[in-house]
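Here's the structure, in structure tokens; my notes come after.
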Ligand code: SF4
């Protein structure tokens, strides 16, 4: 995606260079990624049989996507049977318009939202503001990002790029008095501010982690409790759901409830798992009176039937692939310039939006394979990235692109530390530059890099082994602060 | 019609003419067998439930009679200097705790207006199940079991019978699955107090939901 920085059109390479200038960002992204990753490791080890769980997760997701027409029909019928209204949207604009229509009909003046990647995808906040409707992000991290007029930099912890002083300033601007930079004080301000908003809001908007086909239930995984306020306090509840986010049955939810929180934040389960089936029943005193489900396609159905790309729809948006990605760890989420960052973003953004807009994103990867290994539903992300590069090549805009990427990244990652070396090494792994765990000192101009790129000649496994060795070296060097105590992370949806 | 068009497109991508009438055959459903076949005694389930919840900052009181339950409740209310208590309109629950609540300002869901529940110090609920594996409470909300009772106050206290504690999450989900037509519109799985790490990865408790989760588990009841 190209965006404007200082009035100039820029691509992912420029943005990553800019990101590298922000030392706080780099440190924060790495710290957060390490923390989530360390917690994930502890959580998966204590569960045991992680590979079996992943396999099961992959099977369930693949089955669902392979029968998506059936499950979508069943799910939406059940939502209606439970009193909900169902809307289908082909693209982002149609979904946004559907939201607008509901708000108009309700004459809504204020909307509360809980974290939803689909809502970012359809850019709804902007539209609502244009119509003079107050829209408030109620997830703490999203609220910070909203006050800063920015976009999330991580799909699980959206505001990792903000430090507490900046947060205090933002909260002060938003009406906070005598705030300190203390976490408690800042949280209390958000809690109190939000309480009023929840109680006053006309409409609540949430995403959907999973829809259960057999019951028509919408399932949300969260930690703060804001989603439950958003769902239950306003009269109208709008659910934004990507069309692929289904599970056949509650039995399958048990698998995802074991996989998603562990992969996302290293929790054995999130604080809240909310199962919402239609609107409030006769005799209920609280809960939304009207529930609207908007099912979004926006390029998703195009991936079905594409043998290579279909698996991208298995994604459960846990963010684990971000945390292990050497490129993401260096440049952070914003450099991707798309709603979905990291390896999943590098795959998803160009396939959901065809054309040149995100065509450079598959190059924002070292193809080291760490993402595929981290994925709880076994999406072969790096294979998909290679596939997208090939597709890109076939479409003719290649060599320049590749060379550009190479040059850009060489500059972007030229800082003399081990992690940078790791990235280069990972990229060069296929060239067998690593011997006995050491990196050849004569990396030189990395000649011939382009030529061998998309057709790895070295067996995948040995490369992965090298990568693991390197990872453990890096772990020691950076002295990762892993907290073994039970601790909670950001909201999953 | 939009719906048909939308679904037909998906069917076409899957290489078929329309949405199949029969439910698709499945190789695997739900969790692996090694997981579903675990069996724990009630003692083990209670202990695991308590350990997991305490580990997440929750508070668990194990009692073995109605008198002990009331003592524990009255101690909690006293030590937290609670004044206003909201409670589910649920006969069984109320009979257990009412004698303790006489000296408090009590709002019962469905009797007092919902707006009263915005200002409660503590909400008392029952729970449909506990889950030992994760320290989770399953609150199926509807009718007299209002959602706001446990969501809005800073403290949530639940009374749970030991026999209601299941080993794994799947057992509670199975219950939902086998009563699909009567499913409440809101079933809340609650594990410990509300929390966030959104400010510099620093954990804070009680962001939007309750800052304290207290469960009184009654054995032999
Ligand atoms: S691709 Fe896999 S690891 Fe990445 S967000 Fe999706 S499910 Fe998680």
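For the peptide B:20-33, the mean number of other protein chain Cβ atoms found within 10 angstrom of a residue's Cβ is 6. Once both labels are positioned 7 Å from their Cα atoms along Cα-to-Cβ, the gap between residue A:390 and residue A:107 label points is 5.9 nm. Under the simplified labelling scheme, the residue A:130-residue B:179 pair shows an inter-label distance of 4.7 nm, with each label point 7 Å from Cα along Cα→Cβ. Rounded to the nearest 500, the helix-only mean residue ellipticity at 222 nm of chain B stands at -9000 deg cm²/dmol, with each DSSP H run of n ≥ 4 adding -39,500 (n - 2.57). Across the stretch A:207-288, Cα pairs under 8 Å and at least six residues apart give a relative contact order of 43 percent. Computed on the stretch A:3-303, with alpha-carbon pairs under 8 angstrom and 6+ residues apart, the relative contact order is 26 percent.
Evaluate the relative contact order of chain B (contact order divided by residue number), counting alpha-carbon pairs under 8 angstrom at least 6 apart; express in whole percent. Over chain B, the number comes to 24 percent.
Computed from Cα positions, the angle between helix B:91-101 and the longest principal axis of chain B comes to roughly 30 degrees.
Going from the fewest other Cβ atoms within 10 Å to the most, the residues B:11, A:365, A:110 appear in the order A:110, B:11, A:365.
Across peptide A:53-65, the average count of Cβ atoms from other chains found within 10 Å of a residue's Cβ is 2.
By the count of other C-beta atoms within 10 Å, a proxy for reagent exposure, A:64, A:185 are ordered fewest to most as A:185, A:64. Taking each residue as 0.36 nm, the span from residue A:49 to residue A:306 lengthens on full extension beyond its C-alpha to C-alpha distance by 89.4 nm. Based on the Cβ-Cβ distance from residue B:1 to residue A:200, what FRET efficiency comes out when R0 is 60 Å, to the nearest 0.05? Efficiency, from the Cβ-Cβ distance: 0.95. For the pair residue B:22 and residue A:93, label points projected 7 Å from Cα toward Cβ lie 4.3 nm apart.
Among A:372, A:119, the order by Cβ neighbours within 10 angstrom, fewest to most, reads A:372, A:119. When chain B is treated as a GNM with alpha-carbon contacts under 10 Å, the residue of B:65, B:140, B:197 showing the greatest mean-square fluctuation is B:197.
Residue by residue through A:183-194, how many Cβ atoms from other chains fall within 10 Å of the Cβ on average? Partner Cβ neighbours, averaged per residue: 4. If you count the DSSP beta bridges with both ends in the stretch B:61-157, what percent of them are antiparallel, to the nearest 5? Of the beta bridges lying entirely in the stretch B:61-157, close to 25 percent run antiparallel. Each peptide among A:378-384, B:22-28, B:130-136 gets the average number of other Cβ atoms lying within 10 Å of its residues, and from highest to lowest they stand as B:130-136, A:378-384, B:22-28. Among rounded, prolate and oblate, which fits the stretch A:173-283 when a ≥ b ≥ c are the square roots of the eigenvalues of its C-alpha gyration tensor, a/c under 1.5 means rounded, and a/b larger than b/c means prolate? Oblate. Rounded to the nearest 10 degrees, the angle from helix B:66-79 to the longest Cα principal axis of chain B is 80 degrees.
Laboratory data are not the source of any read-out in this text; all were calculated from the coordinates shown. Since we're looking at a predicted model, the values are computed, not measured. Positions of Cβ are backbone-derived with ideal geometry, glycine not excepted, and every protein chain shown enters the neighbour counts.
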